[in-house]
1. Here is a list: LEU11, LEU50, LEU69. Which entry is in contact with a helix residue (DSSP H, G or I) (Cβ under 8 Å, 6 or more places away or on another chain), of a type in the set (A, V, I, L, M, F, W, C), surrounded by fewer than 21 Cβ atoms within 10 Å (Cβ to Cβ) and under 23 Å from SER127 (Cβ atoms)?
2. Are there any pairs, at least 6 apart or on different chains, whose C-beta atoms fall under 9 Å, with the first in region 94-118 and within 14 Å of PHE82 (Cα to Cα) and the second of a type in the set (Gly, Ala, Ser) and assigned to a loop (DSSP other than H, G, I, E, B), and if so, which?
3. Residues that are closer than 13 Å to ILE22 by Cα: find the helices (runs of 4 or more DSSP H) completely inside region 49-123 holding 2 or more of those.
4. Let me confirm something: among ALA35, ALA63, ALA56, which residue is small (Gly, Ala, Ser), over 21 Å from LEU135 (Cβ atoms) and surrounded by fewer than 17 Cβ atoms within 10 Å (Cβ to Cβ)?
5. Among the listed residues ALA35, ALA26, identify the single one that is in contact (Cβ under 8 Å) with a residue 40 or more places away in the chain, within 30 Å of GLU167 (Cα to Cα) and hydrophobic (A, V, I, L, M, F, W, C).
6. Across region 30-60, what is the total count of residues that are within 17 Å of the chain's Cα centre (by Cα) and more than 17 Å from ASP93 (Cα to Cα)?
7. Mind listing whichever residues of region 79-98 are among the charged types (D, E, K, R) and buried (at least 16 other Cβ atoms within 10 Å of the Cβ)?
Amino acid sequence: MDRSAPTPPHLDALQEFYQGEILGEAMFDSMLRSARDDSERYKIALMLQLETETKARLRPHLAAQGLPLQEDPQMRPRGERFARELQDATWNDKMRALEQSIGQTWLPRYRELTAALPPPLRAIGESMIAHEQALLEMARRELDGDSHRSDEPVRELLVHPLPRPAEG
């Protein structure tokens, strides 16, 4: 692919999806450090697993379009910074921040990007919307006190779900 020419918008969208997963992966990885118990550790790790699997799932689509697979060096620090800002927050405050970030930023952006994708790539965008909706639903269930089934929307999207912690 000629890198001197402007990148078509649909290729920018694929790249943005991919880099967003890198940011999310770094954020959830960093959030694991502030988990206060097995339940929090499991739920954060489950969200991390979703970011990792989604990033891996996107990679062949980028490669097929001749797009670079390396990480934008700004993404991991941005995700880590978000996690650091929440390290002393309560679990509900973390879930509220996640709900706001996804609901006000990521989900609207991914809907916008998906609407502009050509039909052959639209399924990728739709899967990214489903991904964000699952994370949003998990955060909302946590905030609504429905924590015993909050993981279900994320688990449904995983090829390799993590084992649930033993009830104790």
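1. Checking each option against the conditions leaves just LEU69.
2. Matching pairs, first to second residue: MET95/SER150; ARG96/ALA89; ALA97/ALA89.
3. Hits in region 49-123: 75-85.
4. Going through ALA35, ALA63, ALA56 in turn, the sole match is ALA63.
5. Sole residue among the options that is in contact (Cβ under 8 Å) with a residue 40 or more places away in the chain, within 30 Å of GLU167 (Cα to Cα) and hydrophobic (A, V, I, L, M, F, W, C): ALA26.
6. So the count comes out to 15.
7. Passing the criteria: GLU80, LYS94, ARG96.
Per-residue answers, yes or no, for (1) among the charged types (D, E, K, R); (2) modelled with pLDDT of 95 or more; (3) under 23 Å from ARG41 (Cα atoms); (4) within 12 Å of the chain's Cα centre (by Cα):
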{"position": "SER101", "(1), (2), (3), (4)": "no, yes, yes, yes"}
{"position": "ALA116", "(1), (2), (3), (4)": "no, no, no, no"}
{"position": "ARG122", "(1), (2), (3), (4)": "yes, yes, no, no"}
{"position": "HIS131", "(1), (2), (3), (4)": "no, yes, yes, yes"}
{"position": "GLU156", "(1), (2), (3), (4)": "yes, yes, yes, no"}
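The values are calculated or read from the model by the stated rules, or taken from the named source; none is laboratory data. The model shown is predicted, which means the values in this text are computed figures rather than measured ones. Methodologically, a virtual Cβ is constructed for each residue, glycine included, from the backbone with ideal geometry; neighbour enumeration extends over all protein chains shown.
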